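Have a look at the structure below, then the notes.
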Amino acid sequence: MKKKVIIAVVVIIAVAAIVFALGRNKEEKPDDNRVSIGEIIETTTKKNAKEEKTTEKVTEKETEKKKKDPNKIVEFEIPLLFVEPEYQNNLKKFQKENGYESAVYTRDKKCVKIRLKALSYDIYLTKIGIQTIKAICETFESKDYPYVKNLGDYENNFSFVTLLVDSSKYLKADNKDDLFTHVSNCCAYYLLQDNEGPDKYTIDIRDEKTGNKLETRQFNKKDFIK
């Protein structure tokens, strides 16, 4: 019995010695492929810093391109159609109340030529954009167009606008032309004052539920100046 106990103790000691030796060996020869968390963080930090510097350079270049002289004068024309009757015979009042640098009739008196400082022009376009959205959204509350349900996708410069409708009611409506005229006028109101905007713009009619296109019409803002 004592002999068996001695043998068991010897075996346990031997196994423990082997395990200890292997563990020490592993500590002395670390895996060359292993990367510490610290190294990962350091590498990531360096990479992010490099990317941030690159982004900053690109942003600086883009900003330089977009910089405008705030005192540069911008000119654009508004058809007389879009000038309220009370101002048509009093352009000085029109100029003063809207903060324009100047406002004069064109030679043919079909339009009013307006001059604004660049900084004021940007603010002006934002204001006109808000007015345009409100005007388009009036169709949703109008009793004349009960089939119009919502405004879909649209470009910020209103060169493309989508109206979502109840298709069953829209297809039966007899005043589609009036709807297009109204929305077209709203878009033109903005585009005619946006010097960088395109001449042509598109109005899409789609089903509110399915998104299927029902009708598309294209317009030209220059038609308002003829």
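The values are calculated or read from the model by the stated rules, or taken from the named source; none is laboratory data. Just so we're clear, the structure is a prediction, and the values are computed from it rather than from any experiment. In this analysis, Cβ positions are derived from the backbone assuming ideal geometry, glycine residues included, and neighbour counts consider all displayed protein chains.
Identify the single condition in (1) surrounded by 13 or more Cβ atoms within 10 Å (Cβ to Cβ); (2) touching a Ser or Thr at 6+ places or on another chain (Cβ under 9 Å) that Tyr87 does not satisfy, given that it satisfies every other one.
(2) is the only condition that Tyr87 fails.
If the requirement is being of a type outside the set (D, E, K, R) and in contact with a helix residue (DSSP H, G or I) (Cβ under 9 Å, 6 or more places away or on another chain), which of these qualifies: Gly197, Gly152, Gly211? Reasoning before the result, please.
Working: Gly152 fails: in contact with a helix residue (DSSP H, G or I) (Cβ under 9 Å, 6 or more places away or on another chain); Gly211 fails: in contact with a helix residue (DSSP H, G or I) (Cβ under 9 Å, 6 or more places away or on another chain).
Selected residue: Gly197, the only one of Gly197, Gly152, Gly211 that is of a type outside the set (D, E, K, R) and in contact with a helix residue (DSSP H, G or I) (Cβ under 9 Å, 6 or more places away or on another chain).
Give just the number: which of (1) within 31 Å of the chain's Cα centre (by Cα); (2) surrounded by 12 or more Cβ atoms within 10 Å (Cβ to Cβ) does Glu141 not satisfy?
With respect to (1) within 31 Å of the chain's Cα centre (by Cα); (2) surrounded by 12 or more Cβ atoms within 10 Å (Cβ to Cβ), Glu141 is out only on (2).
Going by what's in this entry, would Asn185 be described as over 21 Å from the mean Cα position of the chain (by Cα) and either surrounded by fewer than 22 Cβ atoms within 10 Å (Cβ to Cβ) or part of a helix (DSSP H, G or I) (or both)? Can you show your working first?
Values: over 21 Å from the mean Cα position of the chain (by Cα): yes; either surrounded by fewer than 22 Cβ atoms within 10 Å (Cβ to Cβ) or part of a helix (DSSP H, G or I) (or both): yes.
Spelling it out, Asn185 is indeed over 21 Å from the mean Cα position of the chain (by Cα) and either surrounded by fewer than 22 Cβ atoms within 10 Å (Cβ to Cβ) or part of a helix (DSSP H, G or I) (or both).
Which residues, counting only those in region 199-226, are touching a Lys or Arg at 6+ places or on another chain (Cβ under 8 Å) and within 22 Å of Ile130 (Cα to Cα)?
Of everything in region 199-226, those that are touching a Lys or Arg at 6+ places or on another chain (Cβ under 8 Å) and within 22 Å of Ile130 (Cα to Cα) turn out to be Asp199, Lys200, Tyr201, Thr202, Ile203, Asp204, Ile205, Phe219, Asn220, Lys221.
Please verify whether Asp69 is closer than 29 Å to Lys176 by Cα, assigned to a loop (DSSP other than H, G, I, E, B) and either at pLDDT below 90 or acidic (Asp, Glu) (or both), treating the condition exactly as stated.
It is false that Asp69 is closer than 29 Å to Lys176 by Cα, assigned to a loop (DSSP other than H, G, I, E, B) and either at pLDDT below 90 or acidic (Asp, Glu) (or both).
Criterion first (out of contact with any strand residue (DSSP E or B) (no Cβ under 9 Å at 6 or more places or on another chain), outside any strand (DSSP E or B) and among the hydrophobic types (A, V, I, L, M, F, W, C)) does Leu125 satisfy it?
For Leu125, the condition - out of contact with any strand residue (DSSP E or B) (no Cβ under 9 Å at 6 or more places or on another chain), outside any strand (DSSP E or B) and among the hydrophobic types (A, V, I, L, M, F, W, C) - is met.
When Thr132 is evaluated against the numbered criteria (1) under 23 Å from Phe76 (Cα atoms); (2) surrounded by fewer than 17 Cβ atoms within 10 Å (Cβ to Cβ); (3) polar (S, T, N, Q), which criterion, by number, is the only one it fails?
Evaluating Thr132 over (1) under 23 Å from Phe76 (Cα atoms); (2) surrounded by fewer than 17 Cβ atoms within 10 Å (Cβ to Cβ); (3) polar (S, T, N, Q) leaves (2) as the failure.
Can you name the residue in region 202-226 that is in a helix (DSSP H, G or I) and crowded, with 16+ Cβ neighbours inside 10 Å and is also modelled with the highest pLDDT among such residues?
Lys221
Can you name the condition, by its number, that Asp199 falls short on among (1) of a type in the set (D, E, K, R); (2) modelled with pLDDT of 95 or more; (3) closer than 20 Å to Leu81 by Cα?
For Asp199, the exception is condition (2).
Would you confirm whether any residue within region 147-158 is outside any helix (DSSP H, G or I), in contact (Cβ under 8 Å) with a residue 40 or more places away in the chain and hydroxyl-bearing (Ser, Thr, Tyr)?
There is no residue in region 147-158 that is outside any helix (DSSP H, G or I), in contact (Cβ under 8 Å) with a residue 40 or more places away in the chain and hydroxyl-bearing (Ser, Thr, Tyr).
Asp174 versus (1) within 20 Å of the chain's Cα centre (by Cα); (2) surrounded by fewer than 17 Cβ atoms within 10 Å (Cβ to Cβ): which is the lone unmet condition?
(1)
Which one of these is surrounded by fewer than 18 Cβ atoms within 10 Å (Cβ to Cβ), of a type in the set (Phe, Trp, Tyr) and free of Cβ contacts under 8 Å to residues at least 60 places away in the same chain: Phe94, Phe82, Phe180? Full working, then the answer.
On the way: Phe94 fails: surrounded by fewer than 18 Cβ atoms within 10 Å (Cβ to Cβ); Phe82 fails: free of Cβ contacts under 8 Å to residues at least 60 places away in the same chain.
Being surrounded by fewer than 18 Cβ atoms within 10 Å (Cβ to Cβ), of a type in the set (Phe, Trp, Tyr) and free of Cβ contacts under 8 Å to residues at least 60 places away in the same chain holds for just one of Phe94, Phe82, Phe180, which is Phe180.
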